[in-house]
Structure formats: structure tokens, C-alpha cells
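Novice: Got a structure for you, written out below as C-alpha cells; questions coming shortly.
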Amino acid sequence: MEQSYHYKLIARAIALIDAPGGTGRSLDDLAAELGMSAAHFQRVFSAWAGVSPKRYQQYLTLGHARHLLGARFSTFESAMQLGLSGQARLHDLFLRWEAMTPGDYAKRGAGLDIRYGWFDSPFGPALGMATDRGLCGLAFAEAENDPAILADMTRRWPKASYICDPGGAAPHVEAAFTHKGAAQLHMMGTPFQIKVWEALLQVPSGHVTSYGEVAKTVCSDRAARAVGTAVGRNPLGFVIPCHRVLQGSGALGGYHWGLARKRAMLGWETARRDAVAQA
């Protein structure tokens, strides 16, 4: 559970940095507050983020989302060009997906076997779920085996058969996080939801877009509320990157698995993109 341990420290660091005067805290001060030596804190941060704590701290500030919106806002006309540059998308180009048909969705999972298990991830304990066609669910929790998270996911497809089989789900989860082979996704939602989720897959890693931009692309720029609902129903956290969608003002908006985790994901991706670009 090394990755989840790192993420818990990141989440605690976010809370400290958000506190009054937190953005000016030194490495030694933050390490002491977390009950760690400065050297250990530096190693943990660097292993998780790919950059030093001092460098990463800028990605955790409340203004980072606004910076991304101004500097790395992706319209969907330019998203693919960015993605194919070889530097911007990181994990995204390793994805392949198949959408559930409207008829299958209407069956609410009847006839489907969904295998699931809990896994370590860079963003805390993750519940991974897969059909024989690919990863269909990825949710995050504060602690492993959280029954509320399992209930939230299983009620989406209530007539499916759920089998606790971490070994069966593991290859799909591993591919999504490690890029060892193409991650196959089985997107299970309404036609409108799937249309929104497919649009999100065009936003490069380290970049963001807005609810209005997604709405303009999939239907109408007046349908941002409907798009927001579809984004919130995304069952594949991080892999379908709903965390890259911000409000037009630069505010984070909502996130089903917590705003601290959304900010951590944005910072994690930006740090890695910057590190690759400067290599």
C-alpha cells in the first residue's frame, strides 16, 4: 500500500497548505507538522509527484486550477493535436474503449458478470471493477473495503452479478495505472453520458477544460448543467478524466471522490507533464 500511504501524506499536506499562511510554509515546517524528517518527507513527495516538494507545492495551491485554465485550457479542436505531440497525454493514449449499447444499458446490468477488488493507487485505495470487455468501474476511498463506495458502484448496474475477484479485475486496473499494455474500458452509461465521457478522453493530461466547452462539443453550450450531471456520474475515476473539467471561473467545481483528491490529481499530472517536457 505504498502509493496509498504517499497519497494520504499528500492529502494531509493539502490541508496544511490550505490553512491560513500555509502556502508560505517551508519544507522543514511541513515535514515537522506531518511528523516526519525533512529528508523522509522529500523522498516520499518526490516518489509520488516526480518532482521535489518545493516544486510540487505550487501545484497544490488554490490558484493552480485558475493557472491551468489560463495557460493550458484545451478546446476540443486543439485537444487531439496536443495529445499526439507525444508529451501531453501520458496515459490517455494507452486507452481503448467500447461503449455499452442503449439496449444493454436498459437491462441495468442483467446478464453481466462484474469482477471487483480493492487496489493500491496513487490516489488512495481504489475499487476496480471489470467485465469481460474491460474496466467498467474505478472509484476511490479513504480506506480499503469501504462498503459505501462498493454500494455506490453496484447500484449503478443493479441487476449485474458481482464477483469479488481481485485477480480477475487486476490486469485492467494495472493497465490503467501503469501503461503495461492498452487499458480496455467498457463504458456503461446512457448514450448522452457516454458521449460526454468520450469527449473527456480528448483532454490531454496536464490540461483542463470547462463544463461549457464540453457542453458546446457534445450538444449545446446551454447544456452545461446536463453535462455536469453526466460528468458526476462517471464511473471510471481518473481514467475518464472528469477531474480535468473546471468551472469557467477557474473554480474546481465538484468531484465525486472529493475535491482534495481532484486537486491532487491535477497537480500530479501537471508535475509529471512538466518533468517530461523538461527532460
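Novice: If you check residue 243 against the conditions, is it in the same structural domain as residue 140 (by TED's automatic domain parsing) and closer than 21 Å to residue 116 by Cβ?
Specialist: No: the conditions fail for residue 243.
Novice: If we only count helices (runs of 4 or more DSSP H) wholly inside the range 13-97, which ones have 3 or more residues that are at pLDDT 60 or above?
Specialist: Where helices (runs of 4 or more DSSP H) fall fully within the range 13-97 and carry at least 3 residues being at pLDDT 60 or above, they are 27-33, 38-49, 53-60, 64-71.
Novice: I would also like to ask the following. Within the range 204-221, track down each residue that is aliphatic (A, V, I, L, M), more than 22 Å from residue 100 (Cβ to Cβ) and crowded, with 22+ Cβ neighbours inside 10 Å.
Specialist: Selection gives 208 alone.
Novice: Taking helices (runs of 4 or more DSSP H) that fall entirely within the range 201-279, which contain at least 1 residues that are touching a residue at least 60 places away in the same chain (Cβ under 8 Å) and within 22 Å of residue 49 (Cβ to Cβ)? Let's see the steps before the verdict.
Specialist: Numbers: elements: 211-218, 224-232, 259-278.
Once the helices (runs of 4 or more DSSP H) in the range 201-279 are filtered for at least 1 residues that are touching a residue at least 60 places away in the same chain (Cβ under 8 Å) and within 22 Å of residue 49 (Cβ to Cβ), what remains is 259-278.
Novice: So residue 155 clears everything in (1) over 20 Å from the mean Cα position of the chain (by Cα); (2) touching a residue at least 24 places away in the same chain (Cβ under 8 Å) except one condition, right? Which one?
Specialist: For residue 155, the exception is condition (2).
Novice: For the range 9-56, give me each residue that is in contact (Cβ under 8 Å) with a residue 40 or more places away in the chain, closer than 23 Å to residue 126 by Cα and surrounded by fewer than 16 Cβ atoms within 10 Å (Cβ to Cβ).
Specialist: The answer is 15, 47.
Novice: Of all residues in the range 120-140, count the ones that are buried (at least 21 other Cβ atoms within 10 Å of the Cβ) and assigned to a loop (DSSP other than H, G, I, E, B).
Specialist: Number of matching residues: 3.
Novice: Another question about this same structure. Go through the range 230-242 and count every residue that is out of contact with any Gly (no Cβ under 6 Å at 6 or more places or on another chain) and either within 19 Å of residue 183 (Cα to Cα) or among the β-branched types (Val, Ile, Thr) (or both).
Specialist: Within the range 230-242, residues that are out of contact with any Gly (no Cβ under 6 Å at 6 or more places or on another chain) and either within 19 Å of residue 183 (Cα to Cα) or among the β-branched types (Val, Ile, Thr) (or both) number 9.
The values are calculated or read from the model by the stated rules, or taken from the named source; none is laboratory data. Quick caveat, the model's predicted, so the values are computed rather than measured. Because the Cβ atoms are built from the backbone with ideal geometry, glycine has one as well, and the counts that use them run over all protein chains shown.
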